[in-house]
Every structure is written in structure tokens, then in C-alpha cells.
Amino acid sequence: MPVFLRSLLALILLALSALAFPALAQGPSPNGSPIIREQRAVMDGLRQRTDQLEKQIAANSEDDSHLVDIRLQLEETERQLLQSSVAFRPRLTEINNRLDQLGPAPAEGQPPEQDLVTRERQALLAEKAEINAALGVAEDQSIRINALITRITEMRRDLFSRLLTRRYDIGTALAGEVAEAARNEATDLYRTVASWVRFVVQFKLRSVLFATFFALLAAAILLIGGRRLFGRLFEADGNVESPSYLSRLSVAFWSTLVPTAALAVFLTTTYLLYDYFAVLRGDIGTMMTSLFIVIGLVFFVHRLGSSVLSPRLPNWRLIAVDTQAARLLLWLVSATAIFTGIDVFLSTVYSVLDSPLSLTVGESLIATVLTGILVVLIGLVRPFTGEDGRPRRWHPVLSATLFLLGGVTIVAALLGYIGFARFLSTQIVVTGAVLATMYIGFLSARAVAEEGAFAGTTLGRRFESRFSLDASTLDQLALVVSIAINILILVVGVPLILFLWGFQPGDIQAWVYKAVTGIRIGSFTLSFTGIFWGILVFVLGYFLTRWFQGWLDGSVMARGKVDAGVRNSIRTVVGYAGLAIAVLMGVSAAGIDLSNFALIAGGLSLGIGFGLQNVVSNFVSGLILLAERPFKAGDWIVAGPVSGTVKKISVRATEIETFQRQTVILPNSDLINSAVGNWTHRNKLGRIEIPVGVGYGSDAKRVHEILLEIASNHPLVLKNPEPFVLFSAFGDSSLDFEVRVFLADVSNGVIVQNDVRFAILEAFARENIEIPFPQRDVHLKREPPAEKWPIDDDKVEAEYFERAKALEEKATPQPAPRRKRRKPDPS
């Protein structure tokens with residue numbers, strides 16, 4: 001065999017081997033698929049972890065915080081299980097594609113296939129069955145995890161219900177042993193704290209001083225920064241006699257929020273640094289956490305009451321109460337917070353020291369009863385002064401609410417429902433303070449959004465001086481600031497209220513995760529993260545479109561001396577095209593599958609066909625106007641009774657400004673389907689006519705010369721085409737002429753007509769040419785009197801002739817006085 005043929009045969013065999021290699025490579029390895037082994041190991045680990053968490057549920061059935069932590073671990077396990085299931089998808093897709101390439105096994109009676117293909121199909125089917133089995137195990141495990149999460153939710157609900165409905169024996173709380181137990185616990189508390197203090201002084205004094213210094217520094221930075229940032233909004237100015245409502249709201253809100261935030265930063269930083277430097281023991285750390293929370297609570301409530309009631313500065317009060325009542329209310333509110341805080345702190349101490357239950361019940365009984373009494377006393381205060389000068393109480397609804405809350409707290413505590421009484425008293429103080437602060441914040445945001453309000457604030461004046469903003473822009477910025485304040489209040493306030501009502505941070509974390517990853521509504525998944533990214537992409541596309549419009553109009557078309565109307569049309573088309581692209585990109589970024597809206601789109605198309613046909617007609621007509629440009633922005637058009645300048649052409653309607661400065665909105669379909677006159681379509685050249693009449697005794701040729709001379713001498717009249725005077729008609733009372741002139745800019749027609757008429761009047765006065773007025777001869781046809789009047793009816797006949805004579809005199813026109821000719825001005 002020749003060398004050439006041998007080489008060619010070798011190349012063919014090599015090519016066939018290369019073609020067969022992918023099919024062989026796609027077959028499963030003898031040891032099985034690595035992805036299956038890897039994910040099975042992951043699933044086995046997740047199953048063992050689920051077993052451990054299930055045991056922890058039973059062991060911590062009475063601990064709400066541990067149950068929340070277990071729930072978070074279960075949800076994390078479910079997420080990992082989902083990721084493991086998704087890992088099978090690429091390999092499963094490859095198997096299905098390869099099985100489609102191989103086709104089904106030959107039926108009986110058909111030629112057999114090669115053994116290699118049969119073995120490959122069987123191996124792929126076995127691997128596919130193995131993957132499906134693993135996916136089934138993952139689905140069963142997911143169902144089990146969801147059942148455990150539901151079980152935890154039910155256990156927590158039952159735990160909270162038992163906490164509120166459990167009844168204690170008040171007799172044991174009032175027994176003499178309680179006092180002795182209180183003394184013993186006080187001694188134990190003193191010894192515990194004293195031993196910790198000695199430990200700190202001997203070994204951790206530098207760490208404590210360092211941590212305290214940096215915590216104070218962080219709080220001072222926040223406090224000083226808040227004062228510099230908010231300025232007069234931070235503290236009430238006693239020199240201001242009548243501050244505005246916005247100023248009072250702002251001072252009340254920020255003077256409460258900023259100092260409270262500074263104190264919270266100090267307390268939190270102190271605790272974290274103490275814990276970092278190993279200063280705290282377990283028992284001391286728990287008690288210090290409770291103490292810091294109580295300090296922050298009491299300070300917050302007292303600061304809020306001082307800001308709202310303002311006992312020292314009556315002009316800055318948000319509630320128009322008397323000064324004495326303001327001081328009393330502030331004392332009652334602060335005392336309520338103090339009693340509630342003491343109850344919270346002592347309950348923590350008793351829990352740490354493992355005190356007797358009777359001591360905890362007795363202390364909570366006293367604290368809740370005192371809190372309820374203070375709430376009732378607040379309802380009994382008469383803070384207002386009536387028109388007759390006598391003290392007046394709260395609104396009946398508010399008084400009834402306070403009496404109800406305080407009374408229920410007292411009764412529940414005395415009946416032994418200490419848990420419910422403690423919960424209610426705590427919510428009255430803490431939740432009430434948070435809601436009051438949020439309400440003041442919402443009022444401040446609404447006041448900022450009012451027209452001209454933001455410009456009067458310190459921040460508004462800074463923006464105005466820094467960026468040279470006008471009043472309209474400041475009002476728009478105020479709306480953005482108002483929305484930002486509302487969002488900030490909701491983001492901070494709502495989770496805080498949820499925490500106060502028994503929800504754990506893990507609950508909020510789980511809700512946030514579900515909101516971020518997506519909430520399924522039927523077959524549709526709503527993802528707030530996707531919505532956020534979609535809105536962000538749309539806003540970015542919108543601003544890019546605006547920037548491109550400005551660049552195209554100001555840099556490209558302006559330098560190219562493009563007509564203003566053409567520039568407006570191009571800018572409009574680019575704007576709508578960019579907006580459509582931004583919408584599509586935003587929808588795509590949001591992850592919304594438009595195929596889910598196919599049915600809705602069908603319904604909309606049906607609605608468009610019937611109810612929205614006028615809208616669609618105007619839309620299509622607008623596109624035609626922008627494409628054909630029979631007129632453009634700045635043109636003088638006449639459309640039926642409307643005559644004016646085109647200001648804007650949109651896809652729905654065209655905006656026209658008449659010469660009376662009236663804006664007329666014409667639907668685009670009317671402009672397409674009817675005749676439209678355009679005075680400035682190709683150019684601004686135009687002709688105007690000025691009619692004038694002279695008396696029948698005038699010299700017509702001299703009149704023609706005068707009119708032609710006046711028209712030719714006007715500076716705005718074109719010489720070519722030259723002016724023309726037409727002897728148009730023999731009128732009823734005059735010889736009618738018409739002056740026709742051409743102007744370079746037809747929009748100056750009114751000015752030229754006015755000037756020419758004045759010139760004609762002066763010229764006719766010099767030439768003694770009369771401009772006549774209409775004359776009419778009126779002939780009355782009178783019927784002759786009746787031949788025979790009724791007998792003895794002379795009176796009727798006389799009245800008839802008197803009426804006829806009066807009508808004749810009234811119908812006869814009186815000669816008009818002849819106007820005196822005005823002498824020419826010698827100057």
C-alpha cells in the first residue's frame with residue numbers, strides 16, 4: 001500500500017476515534033458519579049444534624065431563646081439541603097441530553113443496537129435513578145425540617161400563652177418568709193458584686209478604665225456630632241417666643257433620639273469592651289445587661305416626656321397643657337418607667353441568684369400594682385384650662401383608655417396573673433414610649449414635606465447656599481427627606497416593637513431572609529431583593545437616558561445647528577426609547593417572568609381593543625407625528641378653532657399655547673385626522689392682508705399710491721416679493737382696497753398690521769381722504785287703519801295712531817355728527 005494511502009487511512013481512523021470519544025467520555029465511570037458520592041455525604045451530614053436538633057427541641061422546650069436558635073439552625077440546614085439538591089441539576093441535564101441523543105431502546109422485531117450503546121444507556125438510566133432517589137431523600141428531609149419548624153412555632157406559642165395565663169398564689173408572696181428571703185438575696189447580691197469588684201480592682205482595673213474611656217469617647221462623638229449636625233433642632237431655644245410647629249416637632253424628636261442613641265452607644269460599647277477584655281463573669285454579665293437596659297429605658301422615657309411636655313419652656317410644648325400639669329405628668333411618667341425598670345432588673349437578679357419563686361412573685365406584684373396606680377393617676381390629671389378658667393380633663397377616650405389599662409394591670413396582679421400584669425405594665429411604658437417617638441417622627445416628616453418648610457430649616461439653608469437650589473428644588477428635596485425619615489422610623493421602630501412583644505431576633509432574621517429570598521404566592525415568587533435591584537436598574541437606566549438626551553441635544557445637535565423642532569423630536573424619541581429599555585432591564589433584573597403574565601396580557605389586549613382604543617389611537621398618532629413631523633415645537637399652527645405655538649409633542653397629546661397664553665391640549669388623533677395649518681412649516685415667510693375702505697368721492701389712484709408707499713416703507717416688509725395693493729370691490733358705502741405684504745417672519749404680522757394702519761390713518765388725514773361708515777335708509781311699511789272701528793271706540797283708535805307714530809320716530813335713523821378733521825401735528 002502506498003505511503004500516502006496508509007497516512008490517509010490513519011487520519012480517518014484517528015478522526016473516527018475522536019468522534020467516538022465524547023460518547024464514551026459521557027458514560028459513567030466504573031466507580032460511579034463523583035457528584036452523587038459528594039452530595040450523598042453532604043445529605044448524610046445534614047440528616048445527622050437534623051437528628052441532633054430534634055433532640056435539642058425536646059431538651060429546651062421551656063426556653064424560648066433556645067427554641068429560636070434551633071429554628072434558625074433548622075432553616076440554615078434546609079438552605080444547605082436545597083443547595084445540595086440544586087447541585088444535581090447540571091449532571092441530570094447532561095444525562096437527559098445524552099439519553100435523547102441515544103434514543104429509546106429498539107423494540108422487538110427491530111434490528112439490535114450495538115452493545116456499547118446498550119451498556120451506556122443502562123448506565124445512564126441507573127445513574128439517573130440514583131440521582132432521583134437522592135432528590136427524593138432530600139425532599140423527605142425538607143418535609144421533616146418544615147415539620148420541626150412548625151413544631152417549634154407551636155411550642156413557642158404555647159409557652160407564651162402559659163406565661164401570660166399562669167396564676168400564682170398571692171398568699172405565699174405576702175407571707176412573712178418573703179421579707180427574710182429578700183434580706184438573704186440582698187446579702188448574696190452584695191457578696192457577688194463585691195467579689196467581682198475586688199477581682200476587677202486587682203486584675204482588670206486598666207482594662208475597665210480603658211473600656212470606659214473609649215465608650216465615653218464614642219458617646220461624646222455621637223452627641224457632639226448630633227449637636228453640630230442638627231443645630232437648633234437639637235435643643236429648645238428659650239429666647240424664641242413663638243416657635244413654629246415644625247421647630248417644636250423637630251426639637252422634640254431629635255432631642256429625644258440623639259441623646260438616647262448616645263447613651264445606648266456608651267452602654268453597648270462598655271459592655272462589649274468589658275466582655276472583650278474578660279472583665280465580666282457570667283452572672284455579672286447577665287445582671288449588667290439588664291441594668292444597662294433599665295438605665296436606657298428610664299432615660300429614654302424621661303427624655304421623651306421632657307421634650308413633649310417641656311415643663312421649663314411652655315412655648316416649646318407639643319401638648320398645650322398647664323405648666324403645673326406638665327411637671328406632674330413628667331413626674332408620673334418617669335416614676336412609671338422607674339418602677340417598670342426596677343421590676344425588670346430585680347427579676348433578672350432573682351433569676352441569676354436562683355431566688356425563691358415567692359420572692360419573685362411578691363416583687364412583681366408590688367411593681368405592677370404601683371405601675372397600674374400611676375397609669376390611673378395619669379388619667380385623673382386635669383392638664384387643660386377651660387374657657388371658664390377651671391381645670392379640664394383629658395379627652396374621654398384617652399381617659400377611658402388609661403383607666404382601662406391601669407385597672408386591668410392592677411386586677412390581673414391581684415388575681416395572681418403576675419406574668420400577664422408584668423407584660424401589660426412593661427408594654428404600657430416601653431411600647432407607649434416607642435410609639436410616641438415614632439408618632440412625633442412621622443409628624444416631623446410630614447411637616448418637613450410641607451411647601452416651604454424645609455427651606456426654613458438649618459439643613460435646608462445649607463443645601464440652598466451650598467448648591468444654589470431654588471424653592472421648587474428644595475421642596476422636592478424635602479419630599480425625599482420626608483420619605484427617608486419615614487423609612488428610618490419604620491426600620492428602627494417596627495423591629496423594636498416586635499422585640500418588646502416577645503419576638504426574638506431570630507424571628508426577625510427569618511422574616512428578613514424570606515422577604516429577601518422570595519415569598520411564594522401560588523406559582524409566583526415575590527423577592528424584595530429582586531424588586532430592589534429591578535428598581536435600581538430602572539433608575540440607573542432612566543438617569544442614563546436623561547444624560548444621553550442632554551448630551552445629544554447640547555453637544556451633538558446644538559453644534560450641528562439642528563433646527564429646534566427637530567432637536568425636540570429626536571430628544572422625545574430617544575427619551576421614550578430609553579425609558580422602554582430601562583423598564584425591560586428593570587423587569588429582567590427583578591427576576592420577573594413575563595410569561596406568567598400571558599393571561600393578563602391577553603386580557604389587556606382585549607381591553608385595549610374595546611375600551612382603550614382612543615388611547616392607542618393617540619399613541620400611534622403621536623409616533624406618526626414624531627416620525628413625519630408635519631409640525632414641530634415652536635411652529636405656529638392652526639387646528640380648527642385653535643391657533644397658537646406648539647410647545648410639546650408627546651405620544652398622547654400635543655401642547656399648544658395660544659396668543660392669549662392659554663395652554664390647549666389636543667389629542668394627537670385629532671391632529672392626524674383633521675386639517676392642520678402650519679404657518680412656519682418650511683420657513684417663516686408669510687403674507688398678511690390689511691383691508692381698508694375710502695369714500696366714493698376719493699381718488700382711487702391716489703389711494704393706491706399712498707397705500708403702496710406706506711407698505712413699501714415699512715422695515716419689516718420684504719421687497720421681494722414686493723408689496724401689492726388690490727382694489728378689491730365696490731362696497732355698499734366705500735371703495736374697498738386690500739394691502740398685501742410679505743414678511744420674513746410671519747409671527748410679526750400683528751406688529752406690521754398695527755403700524756400700517758396707523759400710517760394709513762395719518763396719510764388719509766393729510767390727504768383729506770375720508771374713511772366712510774355704513775349708512776342705511778330704513779323704510780317702514782304701515783298698514784292703513786281699519787275702515788270701521790267698533791262703535792264708541794274712539795279711545796282705541798287714538799291709541800293705535802299714537803303707537804304707530806312712536807314706532808316711526810324710533811325707526812328713523814338720526815344723522816350722525818360729522819367728525820372734525822384732525823389738523824396735522826406741526827411737529
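The values are calculated or read from the model by the stated rules, or taken from the named source; none is laboratory data. If you're wondering where the values come from, they're calculated on a predicted model, not measured in any experiment. Heads up, the Cβs are rebuilt from the backbone with ideal geometry, glycines too, and the neighbour counts pull from every protein chain shown.
Residue by residue, here is whether (1) free of Cβ contacts under 8 Å to residues at least 40 places away in the same chain; (2) of a type outside the set (Ser, Thr, Tyr); (3) crowded, with 19+ Cβ neighbours inside 10 Å holds:
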position: Phe203; (1), (2), (3): yes, yes, no
position: Asp237; (1), (2), (3): yes, yes, no
position: Glu241; (1), (2), (3): no, yes, no
position: Leu246; (1), (2), (3): no, yes, yes
position: Leu249; (1), (2), (3): no, yes, yes
position: Ala261; (1), (2), (3): yes, yes, no
position: Leu272; (1), (2), (3): yes, yes, no
position: Ala278; (1), (2), (3): no, yes, no
position: Ile293; (1), (2), (3): no, yes, no
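In the set Ile428, Ile440, which member is under 30 Å from Ile170 (Cα atoms), assigned by TED's automatic domain parsing to the domain that holds Tyr245 and among the aliphatic types (A, V, I, L, M)?
Selected residue: Ile428, the only one of Ile428, Ile440 that is under 30 Å from Ile170 (Cα atoms), assigned by TED's automatic domain parsing to the domain that holds Tyr245 and among the aliphatic types (A, V, I, L, M).
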Response to the item:
Counted residues in region 53-71 being at pLDDT 80 or above, part of a helix (DSSP H, G or I) and not charged (D, E, K, R) come to 8
Discussion item. For the structure I just gave you, tell me whether Leu726 is outside any strand (DSSP E or B) and either within 20 Å of Ile769 (Cα to Cα) or not hydrophobic (A, V, I, L, M, F, W, C) (or both).
Written reply: no
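Quick check: is even one residue across region 341-352 assigned to a helix (DSSP H, G or I), closer than 24 Å to Trp331 by Cβ, among the charged types (D, E, K, R) and in contact (Cβ under 8 Å) with a residue 24 or more places away in the chain?
Yes, region 341-352 has at least one match.
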Worksheet item: Before we move on, is Leu424 at pLDDT 85 or above and surrounded by 18 or more Cβ atoms within 10 Å (Cβ to Cβ)?
Response: yes
Worksheet item: What number goes with the only condition from (1) surrounded by fewer than 18 Cβ atoms within 10 Å (Cβ to Cβ); (2) under 42 Å from the mean Cα position of the chain (by Cα); (3) assigned to a loop (DSSP other than H, G, I, E, B) that Glu387 does not pass?
Response: (2)
Worksheet entry | Which listed residue is in contact with an Asp or Glu (Cβ under 9 Å, 6 or more places away or on another chain) and crowded, with 23+ Cβ neighbours inside 10 Å, from Thr409, Thr371 | Thr371
Worksheet entry | One residue from Leu469, Leu479 being under 23 Å from the mean Cα position of the chain (by Cα), surrounded by fewer than 20 Cβ atoms within 10 Å (Cβ to Cβ) and in a helix (DSSP H, G or I) | Leu479
Response to the item:
Residue hits (region 716-763; touching a helix residue (DSSP H, G or I) at 6+ places or on another chain (Cβ under 8 Å) and buried (at least 19 other Cβ atoms within 10 Å of the Cβ)) are Val717, Pro723, Val725, Leu735, Phe737, Val739, Val741, Leu743, Val756, Ile760
Worksheet item: When you go through Val703, Val694, Val642, Val646 one by one, which is the residue that is touching a Pro at 6+ places or on another chain (Cβ under 8 Å), closer than 24 Å to Gln753 by Cα and not small (Gly, Ala, Ser)?
Response: Val694
Item to complete: Have a look at Glu450, Glu464 and point out the one that is touching a residue at least 60 places away in the same chain (Cβ under 8 Å) and of a type in the set (Asp, Glu).
Response: Glu450
Worksheet, complete the sentence: Expected single match for in contact (Cβ under 8 Å) with a residue 40 or more places away in the chain and farther than 16 Å from Ser142 by Cα among Leu67, Leu74, Leu92 is Leu67
Worksheet entry | Selection count, region 622-661, where residues are surrounded by 20 or more Cβ atoms within 10 Å (Cβ to Cβ) and among the aromatic types (Phe, Trp, Tyr) | 2
Worksheet item: Residues in region 747-756: is at least one assigned by TED's automatic domain parsing to the domain that holds Ser698, of a type in the set (D, E, K, R), under 60 Å from the mean Cα position of the chain (by Cα) and outside any helix (DSSP H, G or I)?
Response: no
